[in-house]
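What follows is a short report on a single structure.
The values are calculated or read from the model by the stated rules, or taken from the named source; none is laboratory data. This structure is a prediction, so every number in the text was calculated from the model and none was measured. Cβ sites come from the backbone with ideal geometry, for glycine too, and all protein chains shown count toward neighbours. Note: accessible area is taken over every heavy atom of the protein model, side chains too, but ligands, DNA and RNA are not part of it. Shrake-Rupley method; radii C 1.70, N 1.55, O 1.52, S 1.80 Å.
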Amino acid sequence: MITTPRVSLSAPHELLSYVPALVGMHPIDSVVFVAFRDQSTCGAMRLDRGVFTRAETGDTAIEAALDAVTRIPRLTGVLVVVYTTDSFADAGGIPHESLAAMLAPRIEKRGLAVVDMLCVAADAWGGYLDDTCCGHDLAQIAQPDDLPSGSVLDTDAELRLPEVGPDERKIFERAREVIARVPSDALSQESAPGRADGSLPQDGSEFAAAMASYVVDGTGVLDAELAFIAHLIDEPVLRDVIAYSWAWGADAGTHLWNRVVEPELFTTESIDDPWMYAFAGRIEVRPDVEHLRTAITLLKRMCALQHPEDRAPGLTLISWCYWALGLSSFSAEWQRQAVTTDGTYGLAIIMRMILDAGMKPDWAFYDPDELYSDAADPVADDSTS
């Protein structure tokens, strides 16, 4: 689910020109649900068209998709866009009419307006609610001039690792070998290869702050530092603290550290701590988008430098970052690479379950300008004294 700046309802082809920006990519063989609050969009969700057209998954997929969309507060209507590589010419009319016929009554059954139902095919675009439609010129769907830079991502670029040379890989592996030979007690008290200042934080707050600094600064991270991060994320607890620190900042990372690594520092006995479920998306507090994008860039370079057999933790964190950004399509591809690398890696298996279930993080359904939550302060109940 993507929440974006609002787009007001206009002529169908003008609205279609904004859909790629609403979902962050150019959809192919997809079904896009564009959520409306009165006359403006308030979110969009893209799913593979195949799950809707297969007999064994169609009904379940439709219900799950509408369950997700209807979580958006004050939703009043839904616009459906079917993207297909089929053509009007081959279908003898608008393709996938049966899918549109299944979707419309289910949307209305939920008390929502069917704003429109459109199709973008290989040779034309048209509307399912227009009985006279024989297809319109695709050239009418032009990319708007007013889109911010980066609104529509380059799919090929998002799904590949950067190019690195053999010498760079050798330096990275050498750094990892050195780190692996350093005793763990020395890493916790003395020095750590790859840290710019030559030291490793000795407690959770320093550790979280150091990890958060990588995505706050965003530039000048050395390959030796990436080797150190690769070493750390092999430990699941440290991996999760790092992910929290990247997504929500050092306070959130410290909070998780105190709950999991050093629970004796946490004085509150409350079991109902929403931050313990944040990694699974069960919190309304939206992660920092720019920090997640920086984390993806760092993780991709780290994975490119690694031996392919060692990439599962990094690939899975890339998958999680994309999912947290609302880009499940990209997330699924990186998760697939992770399980191809190591089919037993626990977090990759969990990510597959999340993606297969169509789960969206809670923060995806809230406008960040309207969000308020008692969970907004991740260290409200922390004690680090």
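Among the GluC sites (Glu not before Pro) in the stretch 49-141, those located in a DSSP loop and surrounded by at most 15 other Cβ atoms within 10 Å of their own Cβ are 56. Taking all protein chains together and a 1.4 Å probe, the residues 353, 25, 276 rank 353, 276, 25 from largest to smallest accessible area.
Cross-link partners for residue 170 among the lysines, with Cα-Cα distance under 18 Å and sequence neighbours closer than 8 places in the same chain left out: 300. Annotation: residue 131 carries an accessible surface of approximately 150 Å², with a 1.4 Å probe and no ligand, DNA or RNA atoms counted.
Placing a pseudo-label 7 Å from each Cα along the Cα-to-Cβ vector at residue 143 and residue 129 gives an inter-label distance of 2.9 nm. Separation of the stretch 207-267 from the stretch 315-342 is 19 Å, based on Cα centroids. A cut-off of 5 Å between modelled amide H atoms, ignoring neighbours fewer than 5 places along the same chain, links residue 115 with 78, 79. Here the stretch 213-304 is described by how far its Cα atoms reach on the three principal axes: 42, 25, 20 Å, from widest to narrowest. Anisotropy class assigned to the stretch 1-157 is rounded, per the alpha carbon gyration tensor with a/c under the 1.5 cut-off. Overall shape: oblate for the stretch 297-369, with the ratio a/c of the largest to smallest alpha carbon gyration tensor axis at 1.5 or above and b/c at least equal to a/b.
Extending 7 Å from Cα along the Cβ direction at residue 177 and again at residue 26 yields two label points whose distance is 4.5 nm.
The calculated FRET efficiency for the pair residue 155 and residue 14, based on their C-beta separation and a Förster distance of 22 Å, comes to about 0.40.
Each peptide in 153-162, 224-233 gets a packing score, the mean of other Cβ atoms within 10 Å over its residues, and the list from highest to lowest is 224-233, 153-162. Placing 300, 170, 109 in order of accessible area, with the largest value first and a 1.4 Å probe, yields 109, 170, 300.
Each peptide in 311-318, 119-126 gets a packing score, the mean of other Cβ atoms within 10 Å over its residues, and the list from highest to lowest is 311-318, 119-126.
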